[in-house]
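*Asks:* What follows is a structure written as structure tokens; I'll ask about it next.
The values are calculated or read from the model by the stated rules, or taken from the named source; none is laboratory data. Note that the structure is predicted; figures quoted are calculated from it, not measured. All Cβ positions, even for glycine, are placed from backbone atoms using ideal geometry, and neighbour counts span all protein chains on display. Accessible surface is based on the protein model in full, side chains and every heavy atom, while ligands, DNA and RNA are left aside. Shrake-Rupley method; radii C 1.70, N 1.55, O 1.52, S 1.80 Å.
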Amino acid sequence: MENETMPSYFYFTLFKDFVHMRYFIFILTLTVYLAIILFNAIILFVVFKERSLHEPMYILISCLSVNDLCGSTGFFPRLMVDLLFDTNVISRPACFVQIFTIYTYAVSEYTILTLMAYDRYVAICNPLKYHKIMTSKVTTLYIALASLYAVFSMGLAIFSSARLPLCGADIARLYCSNWSVVRLSCGTSTLNNNIIGFFVTTTTVFLPAFFIFYTYVRILIICQKSSKEFRGKALQTCLPHIISFVNYSIASFCDIALSRYDSDKFKIVAIIFSVEFLIIPPVLNPLIYGLNLPEIRKNIACLFQRSKVCHFLE
């Protein structure tokens, strides 16, 4: 009875429909993963190499790159193994490790974006107190608290899910997700897990989103009362963050919404939106910040140009 309610393995059922395309998908997946590693590694190298970028805003950008690399690593290697060897099977412990890795990334993405919004809020609304408020120690503390919060919240959700008795072992996704496991459960214990899931979703998605929205309303009010030059500089530093926030919010919302439906009804759409939050933000974030922020753009150019160009850009 225990083996029936606590399966040792889970089976990814979506792969059977794409067997004839698995090598093409493997090459595409490998290309995207290598691009994510390259783009984010460049951002990390530039930020840590250039001492002038050792400021809260750029440190938080580097944290975003680290988080994107962690989330991608929790998804792409396992997917490529399944595609290359046509296994489509994952052990129960490995499944929950993947859930923890991917959704800790998802929560951390919002907490880091929240810290970035607060950083811009202090810089624009209290510029004279910025260096007193956003010290290196305070920034480090905020990052540590944000990381611990993501680990704790996802640990709570996974601990609850891991105890559920299951009436199946088929997962209609390309990776292990918490809801995919929960929907396999049988019995009244599912209700408790749904309550915990609602709490985690509310505190990790909607509250950060509300705070970010509030900070930018305040920033907009300040900009309306300021000079045109001030508004231009404020927009230059805030625009990349706004794009990242909107992009990730849309991707995560699609994942949350479509995960509640049966993917057999619109399989291709479900697949695309279920992996969008793991692909689009890690690819776009380094491009957004690398191309829009002059200091990062200048130092990236220096990596690929001669020293004369670097001196000219300065």
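*Asks:* How about the range 136-176: which of its residues are farther than 16 Å from S108 by Cα and among the hydroxyl-bearing types (S, T, Y)?
*Replies:* Those that are farther than 16 Å from S108 by Cα and among the hydroxyl-bearing types (S, T, Y): S136, S160, S161, Y175.
*Asks:* Let me ask something additional. Just to be sure, is T73 more than 25 Å from S249 (Cα to Cα) and without any contact (Cβ under 8 Å) to a residue 40 or more places away in the chain?
*Replies:* no
*Asks:* In addition: Within the range 196-204, can one find any residue that is exposed (fewer than 13 other Cβ atoms within 10 Å of the Cβ) and either modelled with pLDDT of 85 or more or more than 23 Å from N67 (Cβ to Cβ) (or both)?
*Replies:* Yes, the conditions are met somewhere in the range 196-204.
*Asks:* Counting residues that are modelled with pLDDT of 90 or more, which helices (runs of 4 or more DSSP H) fully inside the range 238-314 reach at least 3?
*Replies:* 267-292
*Asks:* Now for a different question. Taking T114 as the residue in question, decide whether it is without any contact (Cβ under 8 Å) to a residue 40 or more places away in the chain, within 27 Å of H241 (Cα to Cα) and not acidic (D, E).
*Replies:* Numbers: without any contact (Cβ under 8 Å) to a residue 40 or more places away in the chain: no; within 27 Å of H241 (Cα to Cα): yes; not acidic (D, E): yes.
Here the answer is no, as T114 does not meet what is asked.
*Asks:* Right, another one. Could you list, in sequence order, the residues of the range 120-167 that are over 24 Å from S62 (Cβ atoms), among the small types (G, A, S) and touching a residue at least 60 places away in the same chain (Cβ under 8 Å)?
*Replies:* Listed by number, the residues that qualify are S161, A162.
*Asks:* Return the pairs, sorted by first residue and then second, in which the second residue is surrounded by 22 or more Cβ atoms within 10 Å (Cβ to Cβ) and assigned to a helix (DSSP H, G or I), the first residue lies in the range 50-65 and is free of Cβ contacts under 8 Å to residues at least 60 places away in the same chain, the beta carbons are less than 7 Å apart, and the residues are 6+ apart or on different chains.
*Replies:* S62/I43; S62/V47
To keep it simple, each residue is scored yes or no on (1) of a type in the set (S, T, N, Q); (2) open to solvent by 20 Å² or more (accessible area, probe 1.4 Å); (3) over 30 Å from L166 (Cα atoms); (4) part of a helix (DSSP H, G or I).
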| position | (1), (2), (3), (4) |
| --- | --- |
| Y11 | no, yes, no, no |
| I27 | no, yes, yes, yes |
| V32 | no, yes, yes, yes |
| I36 | no, no, yes, yes |
| A41 | no, yes, yes, yes |
| F48 | no, yes, yes, yes |
| L60 | no, no, yes, yes |
| F75 | no, no, no, yes |
